[in-house]
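Student: Dropping the structure in here first, questions after.
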């Protein structure tokens, strides 16, 4: 399937437009062979949204060219219901990971059918925490790709007991966070893998648990107990357990007369063993049946193609594989798989997948047999299904749907109804989903709703006011620990923010509502666009005057460490939120453009490394109305910091903030008057007295 087929396919196009033009969470599903994986690749190339691609297992993550959910969100294994344990994990996130989380627009989760509800809720907790956003998943759009009729989440018996009190089912759709959303489900219906309509209908009946007697008989016609397939036909056996597949492969390999040859993989940097796509030590013989496990860039082979080894050159690390119905053998050389992690490009701040490690090996596996689990995503011309020991929901459907045609599959044992295990919960969810599939009309409504949501959020300033209220609360609870001038400066923001920004923006939002009633499409509403331009200029100027300029002046050099930390965190969060709001308003100077706004919001959320203050250049001067002799204050403050660094003591070890303020007010110019200042005892007088007096005398000479 190529880009043109995606653009022509109704459901694929609908899915892409939902991703592109709305913020709704999406469950993209479809039976095997409908193009879910190809859609993901297309999305990676064409969507402008900042995204992270993740999967529940290492192999699935490597195949999707993404990361595992556990590694990216740094989640422990096992049930994820211990909030204290999860909080401890969050303390270990580095700044770059936090910046990525804060700036992503969309999280893509491949193979969602294997994701447990508690894992999805843990992801939600991490996103909300670091994005400081109470919306489900911190406001990040989810694209969940998978088929619930295929492989289900793995839940051990001891885990089951722990999780059952919290969840109705273990499937992702029982996630508490996801249930708070109105996610849409889109089902891909055109099957690219199979072209036989009768076989497609038969597979659908297995998938949807509506296998009637006639269909069961039709399926069991492929049970041919006396049929012995020719080795040249290259059948692969799909079985339920690893031990069974391993036993078949070892037995077949042992029967071959040729000497075994070992190809050892090359692993560089970090590529975890659980994600190896094939054996680290790959044992091959001439005449061995093998399966390709990677798509060839030159299109000579594809993932799942079966062939026979006809020649081996160990020195050249090359193997020739002959495939049925093909004239020439394929010369196979090692290919490389990449284990990636996400980083921010230092030049552009774009999210990019950086190679963390590689695994290089011949893209082959011995393939007389493979487990049904590991066959997911593969396509076979001919397969023998041995599913008598099927133990999990969807296993038989996965096995049958690997085949391109009904004639291309054989049954080792007949299939009975007892072997087709279907989860009634999945069937109920799927039935409900099918009754509420979205269409183009609903997409248009969702697109307008998303546009309007972003517009109203742009002119929403209560969150900034709440941050200022919280700062006031800290100040009121710690009056004696915070210098008066810092106290007054912080409080100076509250009234103009409330009256000049919040109340004005509330009135403007009411005006927006009236204008949207006339024309709901913001992009097409000319009068509204004009009002947005004017409001953006006005409010950004106010933000600059009321918050940004004041926040630059704030001096948090407070002696009480606990209060200093608490206040520093609160002020820093206000600075960050103010910066994002200011930049978003500036992005609308020429009118509201959704793509531009979203990009600006994401990029401005990235926290830049703070530069260390220049010790020579004085920081912002404190207003003289709040503190006399501000130049002297800054001079003594810098002297105190420098002296503390020289002596490896905290700044208050030289003298306290209160003493600093007293010096600036009293201006002692002799050792006798300096000794009268509270906080300057005899020891400090001997240590620092002369230097302090010299600084004050120099100031008085120049400015008094």
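Student: Got a sec? Which of 229, 272, 257 is over 26 Å from residue 335 (Cα atoms), in contact with a strand residue (DSSP E or B) (Cβ under 8 Å, 6 or more places away or on another chain) and in the same structural domain as residue 399 (by TED's automatic domain parsing)?
Tutor: Testing whether each residue is over 26 Å from residue 335 (Cα atoms), in contact with a strand residue (DSSP E or B) (Cβ under 8 Å, 6 or more places away or on another chain) and in the same structural domain as residue 399 (by TED's automatic domain parsing) leaves just 229.
Student: Here's a follow-up. State whether one or more residues within the range 501-519 are under 20 Å from residue 552 (Cα atoms) and in contact with a helix residue (DSSP H, G or I) (Cβ under 9 Å, 6 or more places away or on another chain).
Tutor: Yes.
Student: Output the residues belonging to the range 574-605 that are over 25 Å from the mean Cα position of the chain (by Cα), more than 21 Å from residue 132 (Cβ to Cβ) and free of Cβ contacts under 8 Å to residues at least 60 places away in the same chain.
Tutor: Across the range 574-605, the qualifying residues are 586, 589, 590.
Student: With the checklist (1) within 17 Å of residue 360 (Cβ to Cβ); (2) under 33 Å from the mean Cα position of the chain (by Cα) in hand, flag the one item residue 317 doesn't pass.
Tutor: Here residue 317 clears every test but (2).
To keep it simple, each residue is scored yes or no on (1) under 58 Å from the mean Cα position of the chain (by Cα); (2) in the same structural domain as residue 557 (by TED's automatic domain parsing); (3) surrounded by fewer than 17 Cβ atoms within 10 Å (Cβ to Cβ); (4) farther than 29 Å from residue 563 by Cα.
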| position | (1), (2), (3), (4) |
| --- | --- |
| 640 | yes, no, no, no |
| 645 | yes, no, yes, no |
| 654 | yes, no, no, no |
| 657 | yes, no, no, no |
| 661 | yes, no, no, no |
| 666 | yes, no, yes, no |
| 673 | no, no, yes, yes |
| 677 | yes, no, no, no |
| 694 | yes, no, yes, yes |
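Student: Spot the failing condition for residue 101; the list is (1) in contact with a helix residue (DSSP H, G or I) (Cβ under 6 Å, 6 or more places away or on another chain); (2) crowded, with 19+ Cβ neighbours inside 10 Å; (3) within 18 Å of residue 178 (Cα to Cα); (4) at pLDDT 85 or above, and only one is missed.
Tutor: For residue 101, the failing item is (3).
Student: Still on this structure, I have one more. Among what's in the range 212-249 and is assigned to a loop (DSSP other than H, G, I, E, B), over 39 Å from the mean Cα position of the chain (by Cα) and touching a residue at least 40 places away in the same chain (Cβ under 8 Å), pick the residue that is surrounded by the fewest Cβ atoms within 10 Å (Cβ to Cβ).
Tutor: 227
Student: Which of (1) outside the structural domain of residue 397 (by TED's automatic domain parsing); (2) touching a helix residue (DSSP H, G or I) at 6+ places or on another chain (Cβ under 7 Å); (3) part of a loop (DSSP other than H, G, I, E, B) does residue 185 not meet, given it meets every other one?
Tutor: All conditions are met except number (3).
Student: Among the helices (runs of 4 or more DSSP H) contained in the range 474-541, which hold 2 or more residues that are within 34 Å of the chain's Cα centre (by Cα)?
Tutor: 503-518
Student: Could you grab me the full set of residues in the range 132-172 that are closer than 16 Å to residue 184 by Cα and touching a strand residue (DSSP E or B) at 6+ places or on another chain (Cβ under 8 Å)?
Tutor: Across the range 132-172, the qualifying residues are 137, 140, 141, 142, 143, 144, 145, 146, 147, 148, 172.
Student: Residues 371, 333: which one is surrounded by fewer than 18 Cβ atoms within 10 Å (Cβ to Cβ) and within 30 Å of residue 258 (Cβ to Cβ)?
Tutor: Every option except 333 fails the conditions.
Student: Confirm whether residue 578 is loosely packed, with under 13 Cβ neighbours inside 10 Å, in a helix (DSSP H, G or I) and assigned by TED's automatic domain parsing to the domain that holds residue 589.
Tutor: No: the conditions fail for residue 578.
Student: Of the conditions (1) in a helix (DSSP H, G or I); (2) exposed (fewer than 14 other Cβ atoms within 10 Å of the Cβ), residue 134 satisfies every one except a single condition; which number is it?
Tutor: (1)
Conditions (1) at pLDDT 95 or above; (2) surrounded by 17 or more Cβ atoms within 10 Å (Cβ to Cβ); (3) assigned by TED's automatic domain parsing to the domain that holds residue 548, marked per residue:
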{"site": "428", "(1), (2), (3)": "no, no, no"}
{"site": "432", "(1), (2), (3)": "no, no, no"}
{"site": "449", "(1), (2), (3)": "no, no, yes"}
{"site": "459", "(1), (2), (3)": "yes, yes, yes"}
{"site": "468", "(1), (2), (3)": "no, yes, yes"}
{"site": "479", "(1), (2), (3)": "no, no, yes"}
{"site": "493", "(1), (2), (3)": "no, yes, yes"}
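Student: I've got another one for you. Whether any residue in the range 153-163 is modelled with pLDDT under 85, in a loop (DSSP other than H, G, I, E, B), closer than 27 Å to residue 438 by Cα and not assigned by TED's automatic domain parsing to the domain that holds residue 320 is what I want to check.
Tutor: Looking through the range 153-163, at least one residue is modelled with pLDDT under 85, in a loop (DSSP other than H, G, I, E, B), closer than 27 Å to residue 438 by Cα and not assigned by TED's automatic domain parsing to the domain that holds residue 320.
Student: Quick check: is even one residue across the range 338-347 at negative phi, crowded, with 17+ Cβ neighbours inside 10 Å, modelled with pLDDT under 75 and in contact with a helix residue (DSSP H, G or I) (Cβ under 6 Å, 6 or more places away or on another chain)?
Tutor: For the range 338-347, residues at negative phi, crowded, with 17+ Cβ neighbours inside 10 Å, modelled with pLDDT under 75 and in contact with a helix residue (DSSP H, G or I) (Cβ under 6 Å, 6 or more places away or on another chain): absent.
The values are calculated or read from the model by the stated rules, or taken from the named source; none is laboratory data. Please read these numbers as outputs of a predicted model, since none were measured by experiment. With ideal geometry, Cβ positions are generated from the backbone for all residues, glycine too; neighbour counts draw on all protein chains shown.
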